[in-house]
1. Compute the length gained on full extension between GLU49 and THR62: take 0.36 nm times their separation in residues and subtract their Cα-Cα distance, giving the result in nm to one decimal.
2. Distance in nm between label sites at HIS352 and THR117, each 7 Å beyond Cα in the beta-carbon direction?
3. Divide, for segment 36-147, the radius of gyration over alpha carbons by 2.2 N^0.38 Å, where N is the residue count.
4. Rounded to the nearest Å, what's the spacing between the alpha carbon centres of segment 275-335 and segment 166-239? Just the number, please.
5. Using Cα centres only, tell me the gap between segment 41-65 and segment 7-30 in whole Å.
6. Could you calculate, for segment 288-365, the ratio of the Cα radius of gyration to the Kirkwood radius, expressed as Rg to Rh?
7. If R₀ is 41 angstrom, what is the calculated FRET efficiency for the pair ASP23 and SER300, using the beta carbon separation as r and rounding to 0.05?
8. Jot down the radius of gyration and Dmax of the chain, Cα atoms only, both in angstrom.
Amino acid sequence: MEQLSLPEIGFYALAGGATEPRDLIEEARVAEALGIGSAFVSERLNLKEAATISGALGAVSTTLGIATGVTNQNFRAPTVTAAHATTMQALTHGRYTLGIGRGIVSSLRGLGLEPPTTAQLEDFAGVARRVLDGEPVLDHDGPAGTWPRLLIQPKPKWKTPLLITAFGPQTLKLAARAFDAIVLHTFFSDETTAKCVKTVRDECERIGRDPSEVRIWSCYATVLSDLPEDAVLMKTVGRLSGYLQGYGDLMVKTNGWDPSVLERFRADDTVRSIRGAIDTIATPDQLRHIQTLIPAEWLSAAAVGTAQTCAELVDRQFDLGVDGVIMHGSSPTELSPIIAAYKELRRPELHHGLSNNPGATRSKQASPLESSTSTV
């Protein structure tokens, strides 16, 4: 029997602090067998360098959409980034989306880089789109940088969608102006997710763009409660704590949470003793303690429970206006019973016309450049 395709469902390859890159080979196999539409690649500058992981995924898969979710625009020269994207599109025959984001301020500055401004992100998107369409960009001098000559030859055959991750209204509106897809952050409340969707759609209407041309993904922590306790703690408490370490003020502001809770979290001796990402190196005992510092309301912005409960919560995300849900934090094998339950309650009419390419708009597969036009 033909496998039901779920283009509205994604997962993160090598979720969390992965230490064995070859695990993605099995992840891709299982994901395709389950019908999962796409794999997202978050970049960590250790064993999860995004270009390598994306290429490996493209080589071992035949149907999975693939997106960097995300890398930073200033990690690589623009032509290097464009060459990666066009190589991925040729390798996968149109299954790839290039995703970028602002990055974590402390991490970027540790590399001697500054986080990009909204103007720089928009300028980069415009330049990248032109280069990825095979257009020469000569003597560019803009917010993103100064480049005498940017060109990919021969002209790329496949059009590459652009994706961005976002928190605040400036980036959400930028997505409406300059990108094809957007990934919202994990541990967004339902109210925050719905507000983000409205911001993007309203900005599209304001500038005269069809709102359906921007594909909005909810990045939704999805964890079976019958996994070992230590694993559940790491995928929930550990993951949220890692975000609070990196950009807690933004998380709290975006969700309207109590900032005094974040202050107590940061001042806690256990938290302060962990020299690195909590979601990578914290011990189970440390996580149990940290759990007492985080309100249940904050952790409830996720799907945690039985397979049926998780499936119902995932499906409910579509009522908030998103086009796709990334079941974040779990491997395809761990997601298998949730996917089975989700297929039983799936509403196919909501997902008609979607492509497995996570940046492609409805009824628009990534297509050869000579037969496609850009709307941005």
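1. Details: separation 13, 0.36 × 13 = 4.68 nm, distance 2.15 nm.
Value of the extension gain: 2.5 nm.
2. My value for the distance between the label points is 4.6 nm.
3. After normalising by residue count via 2.2 N^0.38 Å, the value is 1.08.
4. One Cα centre to the other: 14 Å.
5. 9 Å
6. On the way: Rg = 14.9 Å, Rh = 14.3 Å.
For segment 288-365, the value is 1.04.
7. On the way: r = 29 Å, r/R0 = 0.71.
Efficiency for this residue pair is about 0.90.
8. 19.8, 59
Read-outs throughout are calculated quantities, based only on the coordinates presented, and are distinct from any laboratory measurement. The structure displayed is predicted, hence computed values, not measured ones. With ideal geometry, Cβ positions are generated from the backbone for all residues, glycine too; neighbour counts draw on all protein chains shown.
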